[in-house]
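Take a look at the structure below.
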Amino acid sequence: MRLAFVNTKSQSGSGILLALLFLFTCSCEPASTAKNKQWWTDADRQLIISELKRTTEEVLYEIETLTEDQWVFADDTSRWSIAEITEHLVLQNLLHYRELSVAARSPQHIEFRVITDGMDDFFTRYATDATKGKAQWYLQPLGKYESVEIGKSAFSKARRELIRFVSETKADLRKHFTYRTPVEDAYISELKIGQVRDLHQLLLTGIAHTDRHLRQIRQIKAQIDYPD
């Protein structure tokens, strides 16, 4: 039996009660055992390092020989150039690095494991999801990178730091979580995957996000009016 502690609203309306939500799994595991168990494995760590390196190399390969005209080319004002895509990727990596470094030092909340366990595919599928997204204002490019070299340097540095973090961290990234919805007063049964994700899954999201934009870069380069 796995115990999960959640804040729920009192029926009397007098405050917040701390309730125990009993969630049964096939392998009943004492809470003390679960707390001491290493959930983020060496294989997990190596997968993230490998995928960060792969997507880094692919982005650099796509941009390193671009001319100035190719770097800033956009077929209309509603679409990003490769320069803007690169800046967007740097912003996303910086944001994720900050989120990871803070959340990895935060208290463990292993009760959320019942939502995230076995759900990595939900995040990796984002790489090929055809649904178009809209970047939040803080992830929208401002035209900071005037040259390929500046953009390449910024992206490389952000990725080096992410890879260093993943390589060196002692935190169990399966026991630390990040949230996309308020969870303080929610029953665990009301929360969905994506609203809560462990830090390994946050890294998977960033890798999938990079793959999406790699496809976008290649589509730009395949356009008829793309500069020679």
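The values are calculated or read from the model by the stated rules, or taken from the named source; none is laboratory data. Keep in mind the model is a prediction, meaning the values are calculated, not measured. FYI the Cβ positions are ideal-geometry reconstructions off the backbone, even for glycines, and counts take in every protein chain you see. Heads up: the accessible areas ignore ligands, DNA and RNA and are worked out on the full protein's heavy atoms, side chains in. Shrake-Rupley method; radii C 1.70, N 1.55, O 1.52, S 1.80 Å.
So the values come out like this:
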{"read-out": "Lysines with Cα under 16 Å of Lys152, excluding same-chain neighbours fewer than 8 positions away", "value": "Lys53, Lys144"}
{"read-out": "Euclidean distance between Cα centres, the stretch 175-228 to the stretch 39-81, Å", "value": "14 Å"}
{"read-out": "His88 - accessible surface, heavy atoms, 1.4 Å probe, Å² rounded to 10", "value": "10 Å²"}
{"read-out": "The stretch 125-218: GluC sites (Glu not before Pro) in DSSP coil with no more than 16 other Cβ atoms inside 10 Å", "value": "Glu146, Glu184"}
{"read-out": "Cα-based equivalent ellipsoid, the stretch 69-228: semi-axes from gyration tensor eigenvalues, Å", "value": "33, 18, 13"}
{"read-out": "Under 21 Å from the Cα of Lys37 - lysines, other chains or at least 8 residues apart", "value": "Lys170, Lys175"}
{"read-out": "5 angstrom amide H check on Phe177, placed H, neighbours 5+ away", "value": "His109"}
